[in-house]
1. Residue check: is ASP382 among the acidic types (Asp, Glu) and without any contact (Cβ under 8 Å) to a residue 60 or more places away in the chain?
2. Among the residues of the range 44-80 satisfying the criterion of being assigned to a loop (DSSP other than H, G, I, E, B) and among the hydrophobic types (A, V, I, L, M, F, W, C), which is most open to solvent (accessible area, probe 1.4 Å)?
3. Name the residues in the range 164-212 that are within 19 Å of LEU109 (Cα to Cα) and more than 19 Å from the chain's Cα centre (by Cα), would you?
4. Report, ordered by the first and then the second residue, all pairs with beta carbons closer than 9 Å, sequence separation of six or more or different chains, a first member in the range 106-135 that is farther than 21 Å from LEU27 by Cα, and a second member that is of a type in the set (Ser, Thr, Tyr) and in a helix (DSSP H, G or I).
5. Quickly run through the range 86-106 and pick out the residues that are at pLDDT 90 or above and surrounded by 18 or more Cβ atoms within 10 Å (Cβ to Cβ).
6. Only one of these conditions is not met by PRO422: (1) of a type outside the set (A, V, I, L, M, F, W, C); (2) touching a residue at least 40 places away in the same chain (Cβ under 8 Å); (3) part of a loop (DSSP other than H, G, I, E, B); (4) touching a Ser or Thr at 6+ places or on another chain (Cβ under 7 Å). Which number is it?
7. Considering only the range 505-515, I want to know if a residue exists there that is in a loop (DSSP other than H, G, I, E, B) and at pLDDT below 95.
8. When the residues of the range 215-259 are narrowed to those that are of a type in the set (A, V, I, L, M) and in contact with a helix residue (DSSP H, G or I) (Cβ under 6 Å, 6 or more places away or on another chain), which ends up surrounded by the fewest Cβ atoms within 10 Å (Cβ to Cβ)?
Amino acid sequence: MKQKDGFISAHPERVLHPLTTHTPSFLGLHQEMGFWKQSNFGKGVIIGVLDGGIFPSHPSFSGEGMPPPPAKWKGKCEFKASECNNKLIGARSFNVAANSSQVDDESPLDDDGHGTHTASTAAGGFVSRADVLGNAYGTAVGMAPQAHLAIYKVCFGPDCPESDILAGLDAAVEDGVDVISISLGEESVPFFQDSTAIASFAAIQKGIFVSCAAGNSGPFTETISNEAPWILTVGASNIDRSIRATAKLGNGETFDGESVFQPKDFPSTLMPLVYAGSNGKQDSAFCANGSLAGIDVKGKIVMCERGGGIARLDKGQEVKNAGGSGMILANQEADGFSTSADPHVLPATHVTHAAGLKIKAYMNSMNSPMAGLLFRGTIIGDPLAPAVASFSSRGPSLASPGILKPDIIGPGANILAAWPFPLDGNMNSKLTFNIESGTSMACPHLSGIAALLKSSHPNWSPAAIKSAIMTSADLMNLKGTPIVDQTLQPADILSTGAGHVNPSKANDPGLIYDIEPNDYIPYLCGLGYTDEQVGTIAHRSVDCTAKIPEGQLNYPTFSVALGPYQTFTRTVTNVGEPYSSYAVKVVAPQGVNIIIKPDRLYFTKVNQKLSYSVTFSSSKGKMNTTFTQGYLEWASNKHTVRSVISIKFV
């Protein structure tokens, strides 16, 4: 073959199969064996979802085959009794903030799809023959399909007022949930002004795990939401599935992009190609509402720019309204290679920034540029997955720079999950799903995984579950190279946190970094908060006589603002084999010396605690970078327990 003209490459043919919504298999969860089965698919665990409500009749929320909720459950169902069941055990609506006369429906019914999507991602049951407009066909299932769901509607339209979130969180704690999932966020504020941080502190005091979305303000730094150290802060990555739509230019060049809408009857002939911003107006380049009125786009493929505060689907609607036949949506530089598969209203493809530049160069070089769109369907097997999504918010944390955030990344780009209404207008269809992207989608993956761990280890504290998830995370992609971001360069730990979740490894972490709720008090005092401010968070009066620096909290990662030198202490608890020894390995950040004492830990029983100290000091020479990173690992013959390290030179 290699001798033939035009040969590029060859590899053994892979056999592709109809797949699930794919994240379970991508995360190594298999129905017949392994961690999923060992954890009983989350049986007996209650996940409380604070979001925009739920569509109760969706098959993902069927009670068939589900046991009744645990005896401790005290919640209620504000739907008709028949709409709740052993899967959907509770549904409540909290509209404390709004004037009730302005809201049509006080029920927990989902009116925009976000709440249904996140709930089914965490704990939706098995639904066969799922697809979105004919793509991503297979069995849809959440992370913890045997867990119970309790829904707290705190969002009405795009607004989720803090008072509603606070009321919903307090209710979830009272009702007896085990895990709380919050795919909502806002800009960083001090913890004593952050209702989610305050209410979730009450939750962890009762042993309830809280998982929150990191925010969608990436790829810019210092954009993290929900950054309290007692919360698992979840960033978003892609999976190895794309729903391929290819732009073909008149010169024969092709550029692969994505779209869920894959029309079977779109002509394969080339059409005139026009740039929406050819009139020099920024609004037109972004295909804003009404901006294409004076441009001749009839029967043409229109190239629009991503961004400008305009939803991707709305750009397609503007092209369609103006008479365009198709759309090429090109990334801005910040979004790089991160694309989304969306249910566009017309034939379209979403391409990378690099592709967009080449398409523009072609258009500028031709008097009559032409293009076509080719729809190739679902493709599995991107070796660079998981990669950090461009939109995923980045650290460092503003509220507490000494705690590395995000904590973890998980699947959040192009995720298929339940949806209240059909995308194709077929109102008779009950099997309605949609593909969505956001840290909103990553968060419930981690909430469901936390439920599996809770089912498998009922006595683990929220901090123990969090530690298990973080110290076992993956730093490599499917190709076996470091995880990349939207630039296709290795991602830094301000984007990945501890790495990409690996549920099976988290089930058997070897050692954990545990934190008791009271341990957070001296940490909060050390942030410079007053007694009263710490008391607001702790729900009791506090005397800030004891203070510790942020870095002394027994956190599974390190975020250090490095002067001459600093020493931190960590305590690990043995949850592996009774007799076990661990040796430390250090990959020191550039420009940093690290000394660890002792460099071996010997355990003789389960739940035994041992401490070690880490001293960071600057090595000689001026660094030409603000941040540098590395990690330390405790390894036995069976376990590897990794703590990533972020260093800021001050």
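The values are calculated or read from the model by the stated rules, or taken from the named source; none is laboratory data. Here the structure is a predicted model, which is why all the values come from computation and not from measurement. FYI the Cβ positions are ideal-geometry reconstructions off the backbone, even for glycines, and counts take in every protein chain you see. Note: areas computed on protein heavy atoms with side chains; ligands, DNA, RNA excluded. Shrake-Rupley method; radii C 1.70, N 1.55, O 1.52, S 1.80 Å.
1. Numbers: among the acidic types (Asp, Glu): yes; without any contact (Cβ under 8 Å) to a residue 60 or more places away in the chain: no.
Answer is no for this residue.
2. Just the residues of the range 44-80 that are assigned to a loop (DSSP other than H, G, I, E, B), to begin with: 44-45, 52-53, 55-58, 62-76, 78-80.
Checking the rest, the ones that are also among the hydrophobic types (A, V, I, L, M, F, W, C) come to 45, 55, 66, 71, 73, 79.
Values: VAL45: 6, PHE55: 61, MET66: 18, ALA71: 109, TRP73: 40, PHE79: 22 Å².
Checking each candidate, the answer is ALA71.
3. Across the range 164-212, the qualifying residues are ASP164, ILE165, ALA167, GLY168, LEU169, ALA171, ALA172.
4. The qualifying pairs are GLU106/SER100; ASP110/THR116; HIS114/SER440; THR116/SER60.
5. Passing the criteria: LYS87, LEU88, ILE89, GLY90, ALA91, ARG92, SER93, PHE94.
6. Against the list (1) of a type outside the set (A, V, I, L, M, F, W, C); (2) touching a residue at least 40 places away in the same chain (Cβ under 8 Å); (3) part of a loop (DSSP other than H, G, I, E, B); (4) touching a Ser or Thr at 6+ places or on another chain (Cβ under 7 Å), PRO422 comes up short only on (2).
7. Looking for residues that are in a loop (DSSP other than H, G, I, E, B) and at pLDDT below 95, one finds none in the range 505-515, hence no.
8. Across the range 215-259, the extreme among qualifying residues is LEU249.
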